[in-house]
Amino acid sequence: MTRTLQRIFHFLILSSALVVIAAQTEAETLLNWKNSLNVPTLPSWTLNSSSSPCKWTGIRCNEAGSIIEINLKYSGLDGTLDRFDFSSFPNLTSLNLNLNNLVGDIPAGIGNATKLISLDLSSNNFTNPMPPEIGNLKDLQVLRLYNNSLTGPIPHQLSNLQKMWLLDLTANYLKDPDPVQFKGMASLTELRLSYILLEAVPAFIAECPNLIFLDLSDNLITGQIPMPLLSRLKRVEFLNLTKNSVEGPLPTDIGNFRNLRHLRLGMNKLNGTIPFEIGLLSNLEVLELHENGFDGPMPSSVGNLRKLRNLNLRLSGLNSSIPEELGLCTNLTYLELSSNSLIGSLPLSMASLTQIRELGISDNKLSGNIHPSLLSNWSELNSLQLQRNNFSGTVPPQIGTLHQLKLLYLFQNRLSGPVPPEIGNLSNLIELQLANNFFIGSIPPTIGNLSSLTKLSLSYNKLNGTLPPELGKIKSLEELDLSENDLQGTLPSSITGLRNLNLFYVASNNFSGSIPEHFGPDFLRNATFSYNNFSGKLPPGIWHDIPFSNILDERLTPPVGPIVQELVLATALALLCVKENPVSRPTMYQVSSELSASTCLHVPAPLRLLTLQNLMNMLKDQASSLTYYVNGKKQRRTCEDEIRATLSSKERVDDDVITDPKRDINGHVSENMKPSFTGKEEALADVKEELAKPSCLVLKRKGGMQKKLPLKVRWNDQVGKALADHIVEEEEGEEDNVSM
């Protein structure tokens, strides 16, 4: 008896020692891998007498102290798995390294972690083919490798994992598996193979009888829908073939998939008519057939889909009226029918869609009135998009009951009457687009209640009256377009409070008086005031923020004060090189585009989007880094020196290269382009000649080649006068100016 107890005691001591040694080995292996990473992390991972790896971040152990789970999701890991010894973790069942920056290969040694049940290496940057040794993980049930850069065919060894129920290889560069060697997987219920390089629906899925979720979207799959293969999936509830090149008709057999809840076939090349049998899918919650080449009507059988929540038939070739039966789909929250050829009016049965939140029927041929009963029943709407149709009549006052509405797009219709004041009840509205209609009357003052509004467009209507001062209460407003109306009076001083505006269009109205002196939103990038009766000066703060592409717009009031000098300098940069023998004067927009595409300056954005202030700062920063070649000789002057020398030059050129500044882009004489000022004729003549000179500047960057800039600039009276003034001032102030 004593000897037996001794043996048990010795066994327990030995077992305890082995456990300690095993735990020590696991800890040392983890530290060895941690030390191989590029960025220090996991500060709790230290080996000392008081620290057990079971207490480290992301580590979980069993009762014996052996590691069974490593969860380091989103831990800032940067490195490889090359020094991660999987064989040192005999009891590891779960490994999660999702959302890190691990690179390189998935090691073949991963096949030694034979007790793994769940493996997640997704959202890293693993490359090269998947190791076939992954097929040794016979207990694996969940494998997530999505969002990496794995290549090559999907290894057939994966089909050895017969306990697996979830396989996600989305967003890699993987190709079709071997159709002969890749066997079926009886336990598989969820298969995600989207956004890889599949060219066919994998044949092995026919031998996955328990498959419920199948996502093959965003691949290169061609040919018709393989119904013989898919028909063996008796339990499938989610089928996604979106964004492939599947063609041919949608088979009538689709009605046999009675368990389907989500059917997504959008963005393919399907044609023919949408089969009536689609209405047999009584469990369907999501139906997406958008961006296909169907023809014909929306089947009335869609009314049988009483569980339907999302219906997307956008750009699908429909050319009928909207069936009354659609109103039977009372669970719809999302309805997208835009960009078809739908005709007729909105059926009143749609008033039954009381749960609808997003409704898009734009870009069709629908007509008739917007019935009040529709709006009064759509109280959950947050997006109503009916633009680009032929709706007529007035906007019912019931529009004010849509308190959840954030987007209201009614532009490009035939709507008339006044803008309903009830629109001011839409306190959650972010965008209001009513342009290109026949609205009359004044802008309702209640519009000032739209405290969340960022975009307001009322352009191309017949609105009159004055601008309500309440408009200035919409502090969140970023875009305001009131152009092409009959609005009159002065701009209210309250608009100076619209500090977030980046677009302000009031062109082609009957506004008068001066623009409020302190109007100059910090982010203003686009503004038009032309074709009104404004007087006085533009506020100085506006010019710094107007895009450079608008500087030579003849409809703009010229800048005043010290900004003129900055305008001269920035404009002169665009005039430095003039195309030889120009026969027309393009707009500044064209000049901006050409200059943006050139290599003369490092332009951080297209020049047409830069403001005058942006350009000035850029020139100051970069002037010293440019090498100029003038008349073939290397020069080291600054941009400003070069510009001044160009403008001061008295060189004459042959008459055949001088283009009449009074001619427009088509060569026709335009009265409004004639110089309308007097004085400083000699300087002005020099400017005109400068505009007509052949290419005068070649720029060369380090390691680059010489390049002439083929720029041409349309004449502008105000800019010409400013340039002339600048030349005379320079000549009077600096007699020894450098000339070319």
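The values are calculated or read from the model by the stated rules, or taken from the named source; none is laboratory data. Small disclaimer: the values here were computed from a predicted structure and weren't measured. For neighbour counting, all protein chains shown are included, and Cβ atoms are generated from backbone atoms with ideal geometry for every residue, glycine included. Please note that ligands, DNA and RNA were not included when accessible areas were found on the heavy atoms of the full protein model with its side chains. Shrake-Rupley method; radii C 1.70, N 1.55, O 1.52, S 1.80 Å.
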Of the listed pairs LYS234/LYS307; LYS455/LYS537; LYS406/LYS473; LYS163/LYS234, those with alpha carbons more than 23 Å apart are LYS455/LYS537
Give the relative contact order (percent, whole number) for the range 126-284; include only Cα pairs under 8 Å separated by 6+ residues. 15 percent
Per principal axis, largest first, the Cα atoms of the range 367-443 extend in Å by 26, 25, 18
Over the range 264-375, what relative contact order in percent results from Cα pairs under 8 Å that are six or more residues apart? 21 percent
Distance-filtered residues of the range 232-258 - backbone nitrogen under 16 Å, label point 7 angstrom along LEU220 Cα→Cβ: 243-246
For GLY79, the residues 5 or more places away or on another chain with a placed amide H closer than 5 Å to its own amide H are ASN38, ASN101, LEU102, VAL103
Counting only DSSP beta bridges with both residues in the range 31-156, what percent are antiparallel, rounded to the nearest 5? 15 percent
Near the amide H of GLY272, under 5 Å away, which other amide H atoms are found, from residues 5 or more places off or on another chain, if H is placed in the peptide plane? ASP295
Just the number: Rg to Rh for the range 392-515, Cα atoms, Kirkwood Rh, two decimals. 0.93
Order the following by accessible area, largest value first: GLU247, GLU26. Probe radius 1.4 Å; ligands, DNA and RNA are ignored. GLU247, GLU26
Gyration tensor on Cα atoms of the range 304-374, a ≥ b ≥ c root eigenvalues, a/c under 1.5 rounded, else prolate if a/b beats b/c, else oblate, says oblate
Rounded to the nearest Å, what's the spacing between the alpha carbon centres of the range 341-387 and the range 98-132? Just the number, please. 50 Å
Based on the Cα gyration tensor of the range 455-547, what are the three equivalent ellipsoid semi-axes, each the root of five times an eigenvalue, rounded to whole Å and given largest first? 18, 15, 13
Distant-in-sequence amide H partners of ASN128 (H built 1.01 Å from N, under 5 Å): THR151
Give the value in nm², to one decimal: projected area of the alpha carbon convex hull of the range 188-264, averaged over all directions. 4.4 nm²
Derived scalar couplings ³J(HN,Hα) [the range 279-290; Karplus, 6.51 cos²θ - 1.76 cosθ + 1.60; whole Hz; x for Gly, Pro]: x, 7, 7, 5, 9, 5, 10, 10, 10, 10, 10, 5
With every protein chain in place, the accessible area of TYR195 for a 1.4 Å probe, in Å² rounded to the nearest 10, comes to 140 Å²
Relative frequency of Cα-Cα separations exceeding 22 Å in the range 107-241, percent: 30 percent
Write down the Kirkwood hydrodynamic radius of the range 58-181, to one decimal in angstroms, obtained as one divided by the mean of 1/r over all alpha carbon pairs. 14.6 Å
Largest first, please: the extent of the C-alpha atoms of the range 271-425 along each principal axis, to the nearest Å. 46, 26, 22
Summing Lys, Arg as +1 and Asp, Glu as -1, what charge do residues with Cβ under 14 Å from the Cβ of LYS269 carry, LYS269 excluded? -2
Among PRO177, SER187, ALA108, whose Cα sits farthest toward the positive end of the charge dipole of the range 39-191 (+1 at Cβ of Lys/Arg, -1 at Cβ of Asp/Glu, about the Cα centre)? SER187
Output the relative contact order of the range 457-504, whole-number percent, from Cα pairs under 8 angstrom with separation of 6+ residues. 49 percent
Ranked output for segments 309-318, 215-224 by mean other Cβ atoms within 10 Å, highest leading, reads 309-318, 215-224
Any idea of HIS156's accessible area? Nearest 10 Å², probe 1.4 Å. 60 Å²
So how much accessible area does CYS61 have, in Å² to the nearest 10, using a 1.4 Å probe? 30 Å²
